[in-house]
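Notes follow the structure.
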Amino acid sequence: TPVVGVLALQGDVREHAVALAEADALARPVRRPEELAELDGLVIPGGESTTMSNLALAFGLMEPLRARVAEGLPVYGSCAGMIMLADKILDGRDDQQSVGGIDMTVRRNAFGRQNESFESPVDFAGLEGGPLHGVFIRAPWVESVGAGVQVLAELSGGPAAGRVVAVRQGNLLATSFHPELTGDHRVHAYFVDLVRAAAR
Ligand code: GLN
């Protein structure tokens, strides 16, 4: 059974731990650099990416996280976690840092006032069983991606139709939305499959 950490500095840690358990992984909160060594995969939860960035720096986790990503550790980031995995952030705070790893530019709080929080069906490439129920809470979108990045989902309707909301690059996965809040664990199962494949 793969051991998957949840970065537990801030954000919806418990919801991800529950979803990972449903997807047959052993979920573990991670707060200290040493804890990264024992993991087969890691989730960076939703929350507030500026706070998460501050705390990761304060706890000495930023460089160790970058090192594990560079080694190929599978990491899934939802919402604020997506921002943490982006090589470039638009509308971030000036001193905000990311772990990086996905060759993409994300825009923070991209959907604007009217659409700050909304729900929308999301067609996710490679998932069977119909569209996901996408929960977007002051979410980022993916503004642009490099050649090595696979787009897994874009919005199909509404004012933000065509915006990219899920991507993968190698062992790194990111979604603008929060599958951990829906009781549908297909995205977590997709990630745990990726973790298993990487461990082989
Ligand atoms: N707006 C938040 C940020 O910039 C993300 C919101 C979320 O994770 N639900 O980090």
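Worth a mention:
- Which numbered condition Gly170 fails, given (1) over 19 Å from Val4 (Cβ atoms); (2) under 14 Å from the mean Cα position of the chain (by Cα); (3) surrounded by fewer than 18 Cβ atoms within 10 Å (Cβ to Cβ): (1)
- One residue from Glu63, Glu128 being modelled with pLDDT of 95 or more and in a loop (DSSP other than H, G, I, E, B): Glu128
- Residues being touching a helix residue (DSSP H, G or I) at 6+ places or on another chain (Cβ under 6 Å) and under 26 Å from Arg14 (Cα atoms) - total across the stretch 90-107: 7
- Whichever residue in the stretch 165-200 is in a loop (DSSP other than H, G, I, E, B) and touching a strand residue (DSSP E or B) at 6+ places or on another chain (Cβ under 8 Å) and, among such residues, is farthest from Val106 (Cα to Cα): Asp184
Here's the yes/no breakdown for (1) more than 23 Å from Gly92 (Cα to Cα); (2) among the hydroxyl-bearing types (Ser, Thr, Tyr); (3) more than 16 Å from the ligand (Cβ to nearest atom):
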site	(1), (2), (3)
Ala139	no, no, no
Ala147	yes, no, yes
Ser156	yes, yes, yes
Pro159	no, no, yes
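- Inter-residue pairs, beta-carbon under 7 Å, first over 20 Å from Met62 (Cβ atoms) and touching a residue at least 24 places away in the same chain (Cβ under 8 Å) and in the stretch 1-24, second basic (Lys, Arg) and in a strand (DSSP E or B), 6+ apart: Val3/Arg28
- Failed item, numbered, when Val122 is tested on (1) within 13 Å of the ligand (Cβ to nearest atom); (2) of a type in the set (A, V, I, L, M); (3) touching a strand residue (DSSP E or B) at 6+ places or on another chain (Cβ under 6 Å): (1)
- On the stretch given as the stretch 58-112, residues that are surrounded by fewer than 20 Cβ atoms within 10 Å (Cβ to Cβ), within 13 Å of the ligand (Cβ to nearest atom) and more than 13 Å from Val142 (Cα to Cα) total 4.
- Qualifying residue in the stretch 84-92 (condition: part of a helix (DSSP H, G or I) and either over 14 Å from the mean Cα position of the chain (by Cα) or touching a residue at least 40 places away in the same chain (Cβ under 8 Å) (or both)): yes
The values are calculated or read from the model by the stated rules, or taken from the named source; none is laboratory data. The shown structure was predicted, so the numbers you read here are calculated from the model rather than taken from an experiment. Positions of Cβ are backbone-derived with ideal geometry, glycine not excepted, and every protein chain shown enters the neighbour counts.
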